[in-house]
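First comes the structure, then the notes that go with it.
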Amino acid sequence: MNKSRVFEELLKVQKEYLNLLKHIESNKEIISSLSIIDNVLIFWRANQKFIEYILSEYFKSEETSVFTAIRKINLIDNEQIPFLLLNKFHIYDDRIPTYLDLQSDLSNDKFSTKFHNDILELINDNIQILERYFGSIILIPISFMEKIESEDREIVDSIFFGLFSSEYNSFEEYRDDNASIDDIRKHLDDGVESHIIFSVDENPKDDFIQRFRAYTNSTELPLKELKSDSEKFSFIIMGYLIQAYNCLNIMLHHKFVPYIRNRTSLNYTLIMISGLNDDGRTKAQGMINKMLVYYLIHNSIDKSRVGESTEKVFLESGVNKEVEKTIFDELCTHNHDFMKIEFQLIVEIINRNLKRIEY
C-alpha cells in the first residue's frame, strides 16, 4: 500500500471517529451507559490492525512526536502551537478510550461525577482538534491500545520497590512495613524523596509529608477503598510510573518522541529512563534529547501571542521551521547527551533562538 493511500485510509478512520464523538456528544445523558463505552472500544479494536500497521510503516521514527502523559491538549492555552511547530508528524495519545474503560472500576461516587464531566470535556476537545487540525494532528489512543501486560507490570512494580532502601518483593510486604507516610519517608532510599512529585502545582520547597497531605486532602481518588497512607502513596506513584512506562514504550517500541508538557510526567519518565542499561540509553538518546528540549520549548514559548488569525502564518513561517534545527545544532556542540548539559545553559540557548520566531 503506497503512502498516499495509507494516509487516505488514516483520514477515513479519523473522520469516522469524529462522527462517533459527535454522536456521543449529542447524547450526553447516556455517557455512562455500556453501549457508548462499547461503541468507542469496539471502534478502536476494529481498527487496531490498521493502526498498528501505520504506526510501524507510515510514521517515521524520531520525526514523529506523540503528545502524551496528559488528559487533554489545552486549545484555549494554545498548547497545540509549539506541538505543531516542532518535528514533522504529530500524534495525540487520545485518553477517551482509557477513561471509558475505567468507568466500571470506580468506587468513589464523588470522583465518578467529576469523571463523567471530564469525559464530556475530552469529547468536546477532541472534536475541536479533529475539526481544526484534521490531518495535521492524528488522534490515536496509543497507550490504551498497547496496554501494559503482566511482564511489563512486573518491571513497573520493581521500579516502585526500587524507590525504597528496604527490599520488598510484593505490595503486601510494602504495606506491612509502611503504615504511615512517616514510615514511607523513613524507608525511601537516599536521595529519592526529592524526586517524588505528587502534583505539578505543589510547592517543591514544602516538606515531603506536607506535599503528600496537600495532594491527598485536595484530590478525590477514584477508589474509596484507599484508606491508609501506604495504599494512597502506592496508587498515586504507580499511576505516574505506568504513565512513564507508556512514554518509554513510545520511545523504545515505536522510536517516536514523547511530547511531555508538565514536570510531574517528565520527572517520572526520567526516573524510568534512569533504569535503562547503557545499550538501551544509547539507542534512545536522540529521542531523550528531543523530549527534554521539547518540554523546555513548550514551557518557554509565549503561546498567548499567537491567535487564530495568525496561527497559520506562524506555523508556516520559514524562520520557525529553522528554530528547532538551530537549537539542536547549538546544543550538540556542547554535549551529545543533553541530560548532562547544565539545565540553565539549555534554557539560555532555547530562549535566545525562540526570540527569532515570527509572530
Of everything in region 202-226, what is open to solvent by less than 40 Å² (accessible area, probe 1.4 Å) and either in a loop (DSSP other than H, G, I, E, B) or among the basic types (Lys, Arg) (or both)? Give them in sequence order.
GLU202, ARG211, LEU221, PRO222, LEU226
Restricting region 239-266 to residues that are touching a strand residue (DSSP E or B) at 6+ places or on another chain (Cβ under 9 Å) and among the polar types (S, T, N, Q), which is least open to solvent (accessible area, probe 1.4 Å)?
SER265
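Let's see how each residue does on (1) more than 20 Å from ILE159 (Cβ to Cβ); (2) over 26 Å from the mean Cα position of the chain (by Cα):
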{"residue": "ARG175", "(1), (2)": "no, yes"}
{"residue": "ASN178", "(1), (2)": "no, yes"}
{"residue": "ILE184", "(1), (2)": "no, yes"}
{"residue": "GLY191", "(1), (2)": "no, no"}
{"residue": "VAL200", "(1), (2)": "yes, no"}
{"residue": "ARG213", "(1), (2)": "yes, no"}
{"residue": "ASN217", "(1), (2)": "yes, no"}
Among PHE160, PHE134, PHE171, which is in contact (Cβ under 8 Å) with a residue 60 or more places away in the chain and within 30 Å of GLU311 (Cα to Cα)?
PHE134
Only one of these is within 21 Å of the chain's Cα centre (by Cα) and under 30 Å from VAL313 (Cα atoms): SER65, SER4, SER56. Name it.
SER65
Mind listing just one residue for me: the one in region 168-184 that is open to solvent by 80 Å² or more (accessible area, probe 1.4 Å) and in a helix (DSSP H, G or I) and, of those, nearest to SER234 (Cα to Cα)?
ARG175
Report whether or not ILE357 is within 23 Å of THR68 (Cβ to Cβ) and in contact (Cβ under 8 Å) with a residue 40 or more places away in the chain.
no
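The values are calculated or read from the model by the stated rules, or taken from the named source; none is laboratory data. Fair warning: this is a prediction, and the values are worked out from it, not measured in the lab. Here the Cβ is made from the backbone with ideal geometry for all residues, glycine too, and neighbour counts use every protein chain on show. The accessibility values were calculated without ligands, DNA or RNA, using every heavy atom of the protein model including side chains. Shrake-Rupley method; radii C 1.70, N 1.55, O 1.52, S 1.80 Å.
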